[in-house]
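Each remark here refers to the structure printed beneath this line.
The values are calculated or read from the model by the stated rules, or taken from the named source; none is laboratory data. Only a predicted model underlies this, so the values are computations on that prediction, with no experimental measurement involved. Every residue, glycine as well, gets a Cβ built from its backbone with ideal geometry; the counts of neighbours run over all protein chains shown.
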4 protein chains.
Amino acid sequence: MAKVLIVYATDYGNTKKMAESFFKGVSSVKGAEPIMQEAEKASKEAVRDCDALVLGTPVHMGACDWRIKKFIDTICSALWMKDVMVGRVGAVFASGSGFGNSAGGAELALLSMLNNLVELGLIIIPLPKNTEGYDVAGLQWGPYGRSAGIHMEQTGVGEEQLVSSFHHGKQVARATLHLKGNKIFSKE
Amino acid sequence: MAKVLIVYATDYGNTKKMAESFFKGVSSVKGAEPIMQEAEKASKEAVRDCDALVLGTPVHMGACDWRIKKFIDTICSALWMKDVMVGRVGAVFASGSGFGNSAGGAELALLSMLNNLVELGLIIIPLPKNTEGYDVAGLQWGPYGRSAGIHMEQTGVGEEQLVSSFHHGKQVARATLHLKGNKIFSKE
Amino acid sequence: MAKVLIVYATDYGNTKKMAESFFKGVSSVKGAEPIMQEAEKASKEAVRDCDALVLGTPVHMGACDWRIKKFIDTICSALWMKDVMVGRVGAVFASGSGFGNSAGGAELALLSMLNNLVELGLIIIPLPKNTEGYDVAGLQWGPYGRSAGIHMEQTGVGEEQLVSSFHHGKQVARATLHLKGNKIFSKE
Amino acid sequence: MAKVLIVYATDYGNTKKMAESFFKGVSSVKGAEPIMQEAEKASKEAVRDCDALVLGTPVHMGACDWRIKKFIDTICSALWMKDVMVGRVGAVFASGSGFGNSAGGAELALLSMLNNLVELGLIIIPLPKNTEGYDVAGLQWGPYGRSAGIHMEQTGVGEEQLVSSFHHGKQVARATLHLKGNKIFSKE
C-alpha cells in the first residue's frame, strides 16, 4: 500500500476542491491510499508515515498561504533535520484569483512549496503538458486552477479545472507505488 | 537627458513589437531618450552609457532566450565585475506562446533576467497592477504579452497587449529621470 | 521625513540583530526615521504610513518564516488589493543556519518576500556587491547573515556580518528620501 | 541499460571536473551508462535516446551559461513540443566563483535549468543533505562547487568538492534504472 498525504489550505474552498480531485485521482489507482489533511491540523505522524507528500495552496502574493508555511516550518523542518523523508515522492498544486491573465504569482507560489519538498529529499513529479486538463489548469510544476477572471470577478474553480489535479493524483499515486522501497539514496 | 536602453531578442516579431511599444512610452516622457538594440548586436558602450537597462525576451522553457543570456554573459558580466552600473535603473518584459492558460514559465523567465539586473546593482521598477493594460498583459515583474491561445494557436501579440509595455516605458523613463545622479549607493 | 518600516521575525535573535543593524543604518541618514516591528505585532497602519517597507526573516526550508508570511497574507494583501503602496520603496534581508556552505535556500527565501514587495508595486533596492560587508554577508537581493557553520554548529550572526545590513539601511534610507513624492507611476 | 546524458558548459574547466565526477558516479552503478557532451556539441539524437538528462553549468549572473541556454532553446524546446521526454529522469549541478560567501546566484542558476527539465516532464532527483560531500558542495537542487574564495580569488573546484557530484551521479543512475520503463504518465 502506498500512502499519499495531501496537505492543503483553503480560503473559499477552491484549493479544497482541487485537493478532493487529487484525492480521487489517487484513489483510482489500485494499491494507493490517499489521506487528506488541512494544513492547520496536519500531524507530524502522518507526514512521517506517508510515502508521498503533496502540498496544495491558494496563491497569496506570489507564495504559498501562511498556514502551509507554518506546517512546513513547524512540522517538515524537524523531519528535514533528521533526513527522515529522503527518497519519497513529492508534488504540488495551487489555485488563485490573481488579477490579470498571467497567473499572477502562481509559478513562484508552487516553487515556494517545492523548495521545501526538495530540501526534504523528495523525488519531484512534474505535470507534463500532455496531461489531460493541463491546457486550462496546468503549469509545469503542478496543477493550477484559476478561481477568478482577469479582473478578479470570482468564478470559483470549475469542473473543467479539476481534471488536471485528478490526473496528477493518478500520476503521483503510480509514482509512489513505483518508487516505494527504492534504494536510490542508499549509502551502500 | 536620461538614456533608456532596451535590449531584446525576438523570434517572430512579438517581443520586438513590445520593445517598440516600450520605446514609444519612453519617448513620450520629456527628457528621456530611448535606444533599442537587438541582443546579438548590443554593444558594451551602449550599456555603459545608459541610465536604465531594460531587457525583453521571448519565453523559452521558463527562462530568457539564449541570445539575451549571451548578452548577459559576455557584456553585462564584465560591467558587474567593475561595479559600473550600480544605482541605475532596471526593468524587464516578455512575450510567450506557452501551452496552457497559466503563462507557462513567464514568471521565472522574467526573473532569469532580473537576477542579472539586480546583480548589476540596478534599482528595479516593478509593474504595479493598476497600470493600464496590466489585466491583459501584465505580471508583477513586468509586461507579459501572450502571442498564442491556450493550445498554442498563434495569434501574435495584439494592440491590446502593447498597452502595458507602453505605460511601463513611461514609468521607467520617469524613474530614470528621477533617479539620475542619485547618491543612494555613495560610499560617504 | 522618510519613514522606513522594518518588519522581521526571529527565532534565536539573529534576524533581530540584523534588523537592529539595519535600523541603525537608517538612523544614520538625516531625515530618515526607522520603525521596527515584529511580524506578529506589525500593524496595518504602520505599513500604510511608511515610505519604505523592509522585510527580514530567518530562512526556513528555502522560504521566509511563516510569521512573515502571515503578515504578508493578512496585512499586505489587503493593501495590494487597493494599490495603496505603489511607488514606495522595498528591500529584504535574512539570516540562516542552513546545512552546507552554499547558503541553503537563502536566495529563494529572499525572493519569497520580494515577490510580495513587487506585487505591492514597491521600487526594489538591491544590495550591490561593492557594499561594505557584502563579502561575508551579502546576496544580490539583500544582506544574508549566516548564523552557523557548514555542519550547523551554531555560532550566531557576528559583528562582521552586521556590516552589510547597516549599510543597506543607509542605502534604503537614502533611496526613500530620494524617491519620496515621486510621480513615477502617476496616471497623467 | 540506462543511459545518463550529461550536458555541460565550462569556462576554466571547473564544471567539466564536476561533470567528470558525475560521470564516474554513474559508471560505478551496474547497468548504467554515462554519456558526456559539451553543450555546444550536444546532439538532439543523444537527448532523444537518453533515459536521464543532467545539465551542468557555471553560474553567470544568477542563471545558467548561455551555451546551456542555447542547447535548451534549440534542442530541448523541440522535444518539449512533442512530449518526447515525459517520464524520464532529470538532475542539475553547477560551479561558481561568485563574490561573497553566499553562493551568489547558484540557487537560481540551478533553477534556470530545472525549469527546462520540469517542462520536458522529467522526474527530478534532488540532492538530499545527507549525501556525502553536501556540506562543502551541495544545495538542495544539486551539487554546487565553489571555484573561488569570497573575494573571487580563484582556487578551482578541489577534490573535496567533487564528492557530492560523484555521489549524485550514483543516485541519478540508480533512479534511472529504477524508473526505466515506468508507466507513471501512461494515458490508460
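Mind counting the residues in region B:33-44 that are part of a helix (DSSP H, G or I) and within 22 Å of residue B:12 (Cα to Cα)?
Total satisfying the criteria: 3.
Can you tell me which residues in region A:102-127 are more than 11 Å from chain C (Cβ to nearest Cβ) and of a type in the set (Ser, Thr, Tyr)?
Correct list: A:102 only.
Looking at region D:71-101, which of its residues are at the interface with another protein chain (Cβ under 7 Å from one of its Cβ atoms) and either within 16 Å of the chain's Cα centre (by Cα) or small (Gly, Ala, Ser) (or both)?
D:72, D:76, D:77, D:100
Name every residue in region D:37-50 that is surrounded by fewer than 21 Cβ atoms within 10 Å (Cβ to Cβ) and within 14 Å of another protein chain (Cβ to nearest Cβ), in order of residue number.
D:40
Considering each of D:92, D:86, D:47 in turn, give the residue that is in a strand (DSSP E or B) and within 30 Å of residue B:114 (Cα to Cα).
On inspection, the qualifying residue turns out to be D:92.
Would you mind stating whether residue D:97 is among the small types (Gly, Ala, Ser) and surrounded by fewer than 23 Cβ atoms within 10 Å (Cβ to Cβ)?
Yes, satisfied.
Across region D:115-157, what is the total count of residues that are over 28 Å from residue D:73 (Cα atoms) and either part of a loop (DSSP other than H, G, I, E, B) or touching a strand residue (DSSP E or B) at 6+ places or on another chain (Cβ under 7 Å) (or both)?
17
Step by step: first the residues of region D:127-160, then only those that are among the polar types (S, T, N, Q) and modelled with pLDDT of 95 or more, then the one that is nearest to residue D:102 (Cα to Cα). Which residue is that?
Filtering first and then ranking leaves D:140.
Across region D:146-174, what is the number of residues that are hydrophobic (A, V, I, L, M, F, W, C) and on the phi > 0 side of the Ramachandran plot?
Count: 1.
Restricted to region C:145-169, and to residues that are aliphatic (A, V, I, L, M) and in contact with a helix residue (DSSP H, G or I) (Cβ under 8 Å, 6 or more places away or on another chain), which residue is surrounded by the most Cβ atoms within 10 Å (Cβ to Cβ)?
Among those residues, the one meeting the criterion is C:157.
Please go through region C:90-142 and give me each residue that is of a type in the set (Val, Ile, Thr) and either in contact (Cβ under 8 Å) with a residue 60 or more places away in the chain or out of contact with any Phe, Trp or Tyr (no Cβ under 8 Å at 6 or more places or on another chain) (or both), ordered by number.
Result: C:123, C:124, C:125, C:136.
Check region D:55-68 and report whether any residue there is more than 10 Å from every other protein chain (Cβ to nearest Cβ), in a loop (DSSP other than H, G, I, E, B) and in contact with a strand residue (DSSP E or B) (Cβ under 6 Å, 6 or more places away or on another chain).
no
Residues A:30, A:17, A:3: which one is assigned to a helix (DSSP H, G or I) and either at pLDDT below 95 or among the basic types (Lys, Arg) (or both)?
A:17
Given the residues C:85, C:81, which is the only one that is without any contact (Cβ under 8 Å) to a residue 24 or more places away in the chain and surrounded by fewer than 24 Cβ atoms within 10 Å (Cβ to Cβ)?
C:81
Going by the conditions given, is residue C:4 β-branched (Val, Ile, Thr) and in contact (Cβ under 8 Å) with a residue 60 or more places away in the chain?
The answer is yes for residue C:4.
Being farther than 20 Å from residue B:128 by Cα, in a loop (DSSP other than H, G, I, E, B) and within 9 Å of chain B (Cβ to nearest Cβ) is the filter here; which residues of region C:158-188 pass it?
Once the filter is applied, which keeps residues that are farther than 20 Å from residue B:128 by Cα, in a loop (DSSP other than H, G, I, E, B) and within 9 Å of chain B (Cβ to nearest Cβ), region C:158-188 yields nothing.
Out of (1) polar (S, T, N, Q); (2) surrounded by fewer than 22 Cβ atoms within 10 Å (Cβ to Cβ); (3) assigned to a helix (DSSP H, G or I), what's the single condition that is false for residue C:112?
Going through the list (1) polar (S, T, N, Q); (2) surrounded by fewer than 22 Cβ atoms within 10 Å (Cβ to Cβ); (3) assigned to a helix (DSSP H, G or I), residue C:112 breaks only (2).
Quick one: residue C:100 ticks every box in (1) farther than 18 Å from residue B:119 by Cβ; (2) at pLDDT 95 or above; (3) in contact with a Leu (Cβ under 9 Å, 6 or more places away or on another chain) except a single one, so which number is it?
Unmet condition: (2).
Quick check, is residue A:100 closer than 21 Å to residue A:2 by Cβ and among the small types (Gly, Ala, Ser)?
no
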